[in-house]
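The values are calculated or read from the model by the stated rules, or taken from the named source; none is laboratory data. Not measured: the values here are computed from a predicted model. Backbone-built Cβ (ideal geometry, glycine too); neighbour counts: all protein chains shown. What goes into the accessible areas is simple: the full protein's heavy atoms, side chains included, and nothing from ligands, DNA or RNA. Shrake-Rupley method; radii C 1.70, N 1.55, O 1.52, S 1.80 Å.
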Amino acid sequence: MKIEIPRIAIPSGRLVLAAVFSIAILHILLTFAAPAMTAWTPYGRLAAKLPLNRMTLLPPIGPRAQPLPFVGSDFRLAMCRFDTEEGPVALNATLPAQGWTISIYDADGATIYSAIADPGRRVDVALLIVPDDERFAGLTPEARGDSAVDSGVLRVAATSGIAILRAPDSGLAYRARNEDELKRATCRVGRS
C-alpha cells in the first residue's frame, strides 16, 4: 500500500511580497486610527471631574487617587479645564523653582503651550487663551484708544482643553509652600 503525501503549493514571491506589504499598510492605518476608536480619552476622563474655567488642586497622587493611569506620585498637580466659548480665558501661575512646569493641551491631547522653571529663577506665567476661530473676542487695546504697550501676557489660541500645573515633591519641608503656590494659580474667563 502506497501512501501519497499531498504537495503544498508555495505561492510565488510576488504574492508573498504583496501580502507582507498589505499587512504593513493595514498595521500603519490601524495605529493612526486607534486614538479615534478608543472608548475614552484622557480629556474626556478629566473633563468629567474638573470644573470649567477654574484651577483645581488635585489630591496627592496615590494608588487610589490617580487622575490618569500611570501618573507618578513624585509631584502635585493643579488642573484647569478651559473652554473659550464665553470668551478668552486668563491663566496666571508662578513657577518658583526648578522642576515646576505648566502645559496646555487641547481636547485632542496636542500640546499647545509648555513652560518650565529656570534653575534659580522664578518664572511668572500670564497667558490669555483665546478662541482659535473667527469669533469676536473683544477690542484690542489699540482699538480702544489705549497704547499698544506689551502687557507681558502671551496669547495662545485654543477652543477647549486642559492646563496642567505641575510641582515636584520636594519633601516635607517644601510641601506647604508648593501647595500654596499651586492654590494661587488662577484660570478664569476674562482678561487677567
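With among the small types (Gly, Ala, Ser) and touching a residue at least 40 places away in the same chain (Cβ under 8 Å) as the only criterion, which of Ser22, Ser103 stands out?
Unique residue meeting the criteria: Ser103.
Quick one: which of Pro6, Pro51 is of a type outside the set (A, V, I, L, M) and open to solvent by less than 60 Å² (accessible area, probe 1.4 Å)?
On the way: Pro6 fails: open to solvent by less than 60 Å² (accessible area, probe 1.4 Å).
When all the criteria are applied, what remains is Pro51.
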| task | Provide a single number: the residues in the stretch 39-70 that are more than 19 Å from Arg188 (Cβ to Cβ) and basic (Lys, Arg). | result | 2
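Quick grid of which residues meet (1) modelled with pLDDT of 85 or more; (2) open to solvent by less than 80 Å² (accessible area, probe 1.4 Å):
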position	(1), (2)
Gly152	no, yes
Ser170	no, yes
Asn178	yes, yes
Lys183	yes, no
| remark: Checked pairs for the stretch 162-177, first more than 16 Å from Ile116 (Cα to Cα), second among the small types (Gly, Ala, Ser) and part of a helix (DSSP H, G or I), C-beta under 9 Å and 6 or more apart or across chains, list as Ile162/Ala47
| remark: Counting only residues in the stretch 114-145 that are farther than 25 Å from Arg184 by Cα and open to solvent by 70 Å² or more (accessible area, probe 1.4 Å), the one modelled with the lowest pLDDT is identified as Arg135
| said: I'm trying to understand the selection: among the residues of the stretch 54-75, which are exposed (fewer than 12 other Cβ atoms within 10 Å of the Cβ) and closer than 24 Å to Asp180 by Cβ? | reply: Pro59, Gly62, Ala65, Gly72, Asp74
